[in-house]
Ligand SMILES: [Ca+2]
């Protein structure tokens, strides 16, 4: 009964003006709350999107590094196989001189009698420069030549038969807009077999 009496007394207070103000105020507060909720939701959404994008950039950076690593391995493996084939002359009848025919620090030419027919065919001269593997993003391909005493030979090497091993260095650089490493270098010394 007390509640009913209070309600009646409020409604009668100054012709109900208080109630209207109260309703108006309630509506105003509700609107502010809605705006606050929308704003907070927006901020949370923006944070979630920002964190997500940052994670994607990290993943993209890791992918790019894996690609750099994979590409340097691919190139150094190819050069290694070719160097191990250098001088390949199974019949000993080659009318040319298989092996490294030009040895500079930034380029190398290798002649191989792949099919062992003693004839230098069109696809048996391999030329390596920094541009050879441009499609793999290779920035630099360098060579150092060592004699049997492991002493570096001056380049371009004049006395090609003195080359006992070749130190191959591959450098890959990549787009710098991503986090993580932007340069990867891999070296390997390959001993000639032939
Ligand atoms: Ca041949």
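Derived from the Cα gyration tensor, the three semi-axes of the equivalent ellipsoid of region 71-191 are 29, 17, 11 Å, largest first. Translational diffusion coefficient, Stokes-Einstein: compute it for region 123-194 using the Kirkwood radius over C-alpha pairs as Rh, at 20 °C and 1.002 mPa s, and state it as an integer in µm² s⁻¹. D, rounded to a whole number, is 153 µm²/s.
Arrange the following residues from fewest to most other Cβ atoms within 10 Å of their Cβ: 102, 145.
Values: 102 14, 145 25.
By the 10 Å Cβ count, ascending, the order reads 102, 145.
Taking the convex hull of the alpha carbon positions in region 36-97 and averaging its projected area over all directions gives 5.8 nm². For the peptides 78-85, 183-190, residues were scored by their other Cβ atoms within 10 Å and the scores averaged per peptide; the highest-first order is 78-85, 183-190.
Each value in this text was obtained by applying a stated rule to the coordinates, not by laboratory testing. Because the structure is predicted, anything quoted here is derived from the model rather than measured. FYI the Cβ positions are ideal-geometry reconstructions off the backbone, even for glycines, and counts take in every protein chain you see.
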